[in-house]
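First the structure, in the form of structure tokens, and then the observations on it.
Computed from the coordinates by the stated procedures, all read-outs in this text should not be read as laboratory data. Everything numeric here is computed off the predicted structure, so don't read it as measured data. With ideal geometry, Cβ positions are generated from the backbone for all residues, glycine too; neighbour counts draw on all protein chains shown.
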Amino acid sequence: MSATSPVDARPSVLQILAGIRPDERKVLALSALYFFLVMASYFILRPIRDQMGVAGGVDNLAWLFSATLVAMLAVNPLFSLLVSRLPRRRFVAWSYRALMACLLGFYLALVTLPEAQQVWVGRAFFVWVSVFNLFAVSLFWAVMADVYRSEPSRRLYGVIAAGGTLGALVGAAITATLVETVGVPALLLVSLAMLELGLWCMFAIHRQAHAAAVSGDAGDAVIGGSALDGFRLALASPYLLGVCGYMLLYTIGSTFLYFLQAQIVDATIDGRAAQTVYFANVDLWVNGLTLLLQLFLTGRLMARLGVGLTLAALPLISILGFLGLGLAPVLGAVVVFTVARRVTNFALSRPARETLFVPLNRNAKYKAKNLIDTVVYRVGDQLGAWSSAVLTWLGLGIAGIAYSAVPLAAAWLVIALWLGRRYRALQASEAA
């Protein structure tokens, strides 16, 4: 065994707290950087999308969510076909570079089309970014589930997620500080460049993973199967159906909160730039708090509480938040609830949810996972959007809509606990 230098012999505080082993550092650093760049790319776009959604008319948001679902239904079989025919390195590259080509197209549309047509560009951009964020992030976590084994994933996913949170923090800060000086089109090109850099991190992970102790990687193997495997696998497995239910109820609640926030912001804050800055500042608060939790608490909490209780934290916060928003439907209440809910999601629920896929086969990790993260997610959006529209039409108002989300969050809590038990059973089968 080769001698260890004094520097290598002294691990950092983060390595001690997160339980990072020396042979895991390189792949872990690349994974965190990869997620940093993907999330920075998205969070540059997120406040722009939200402002364009408000500018296109709050009453039209339900139609934009419908268009997003149609786009997801079209994209998922195409992605599954790529997964069936190409090795991981190639189908990930094709997927991300297709997103980059779309970004370039929106840049050209924003700088060349007349002002009268910009509202339609904004609506198309809203739909596209709503596809982009789920697809790019889902693909990242599918690669992680393919690269990391079960035990390292529970220890290290919090640190990897922290890389994404730091990227989100940087992306939101870039938009908040530069949108009024460089303009929206230039920010799209910055987002494109970050996505390309993230892809190069994936290439480096592909080269390093075979030698890493974290990995049981089979990235060179073509998965095979058909374009519709995601639907078949999800419907045939009670476990995956449970994950579908968890995702569905999460997105219904998220859409309710998004619509309530849009109404309150539209009524309270004047001006497109001011609204964009508001959304960016909320992102800054969310990502700053999330980063602290992910670095120092996520891995330890998942190890101590287990996946089920970690998953249950977000439904519990949602029950309390919707009750509070019903009692006080004002901007301050929606800010507190939005920040608390999103911090809990990013710091606890999301890493725990991603570990649910680690014990599964590669077909499920890419095809069923992509279906759940994109199509099922947007079905929940659709249900939430139109349910919110119907409740508004019935005259419930902000408080009434908030109260109607409480029983859905309670059902969501039950599913979270059930998934935790099923995950433990899968772990036991995998170890046997």
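If I model segment 276-341 as equal point scatterers sitting on the Cα atoms and use the Debye formula, what is log10 I(q)/I(0) at q = 0.14, 0.15, 0.18, 0.27 Å⁻¹? Rounded to two decimals, the profile gives -0.52, -0.59, -0.80, -1.12.
Stretching Arg85 away from Val336 to a fully extended chain increases their span by 85.8 nm, per 0.36 nm per residue minus the current alpha-carbon distance. For segment 380-432, the percent of C-alpha pairs falling in each 10 Å distance bin, counted from 0 to the bin holding the largest distance, reads 21, 33, 20, 16, 9, 2.
Distances longer than 12 Å among the Cα atoms of segment 224-283: what percent of all pairs is that? Above the 12 Å cut-off, segment 224-283 has 76 percent of its Cα pairs. Let's test the formula: R0 of 45 Å, r as the Cβ-Cβ distance of Met100 and Leu305. What FRET efficiency results, to the nearest 0.05? The pair Met100/Leu305 has a calculated efficiency of 0.70. If every alpha-carbon in the chain counts as one equal scatterer, what log10 I(q)/I(0) does Debye give at q = 0.07, 0.09 1/Å? With one equal scatterer per Cα and no solvent, log10 I(q)/I(0) is -0.32, -0.54.
Seen through its C-alpha gyration tensor, with square-root eigenvalues sorted a ≥ b ≥ c, segment 37-148 comes out prolate because a/c lies at 1.5 or above while a/b is bigger than b/c.
Note on segment 324-432: Cα-only Rg and Dmax are 17.4, 56 Å.
How large is log10 I(q)/I(0) at q = 0.14, 0.20, 0.25 Å⁻¹ when the Debye formula is applied to the Cα atoms of segment 242-325, each weighted equally and without solvent? At q = 0.14, 0.20, 0.25 Å⁻¹ the computed log10 ratios are -0.69, -1.14, -1.27. Would you kindly calculate the translational diffusion coefficient of segment 186-345, applying Stokes-Einstein with the Kirkwood radius from alpha carbon pairs, for 20 °C and a viscosity of 1.002 mPa s, and quote it in µm² s⁻¹ without decimals? Reported coefficient: 109 µm²/s.
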